[in-house]
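Since every read-out is calculated from the coordinates, none of them should be taken as a lab result. The model shown is predicted, which means the values in this text are computed figures rather than measured ones. Every residue, glycine as well, gets a Cβ built from its backbone with ideal geometry; the counts of neighbours run over all protein chains shown.
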Amino acid sequence: MKFYIRQQIFTIGDRYEIKDEEGRTRYVARGRLFNLLGAKFAIEDETGREVAQIEQEIFRLMPRYFVYLDGEREHAAYIAKRFQFLGALFDIETKSGPLRVEGEIFQHEYALYQGSTCVVRISKKWLSWGDPYEIDMAADQDPALILAICVAIDHSSHNDNNH
């Protein structure tokens, strides 16, 4: 499955439209403004139902995000950024096991692997407004979970100056 995610430039707060290959908006990720307790995003499907929530844990040297699906109280994944001299390094843990990041997050060309299996490839389209990304995920993956992980990584990467 392929999705295309674009951060909306001229909005108040973070907002990402997530479209399918036909250009239809399938999901919208909305950041909550003025949250003193860390960044929070809600991902809604095309009917407006919240399918995922992303919450940043604060009071940490490096950012860490938790993903909750369908209103569950237990997180489905966490994404923790680790210090690396050049670029970024992330630890990603899901209920089905860890995901390994390979590629260049700094250059926005990377993939997530579970064991030796590539579950998603992320690539940025350069020279375009709003940081558009192509997200090509394996058919057996949960789109809400993978998209939430991608939003958390993107948010962390754009907010390096805060951490």
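Taking Lys and Arg as +1 and Asp and Glu as -1, the other residues whose beta-carbon sits under 9 Å from that of residue 79 total 0. Label separation (residue 58 vs residue 125): 3.5 nm, computed from points 7 Å beyond Cα along the C-beta direction. Please compute the net charge surrounding residue 64, taking Lys and Arg as +1 and Asp and Glu as -1 over other residues with Cβ under 13 Å from its Cβ. Its environment carries a net charge of -1. Our estimate of slack between residue 42 and residue 22, defined as 0.36 nm per intervening residue step minus the Cα-Cα distance, is 4.9 nm.
Where Lys and Arg each count +1 and Asp and Glu each count -1, what net charge lies around residue 19 among other residues with Cβ under 12 Å from its Cβ? Combined, the nearby Lys, Arg, Asp and Glu give -2.
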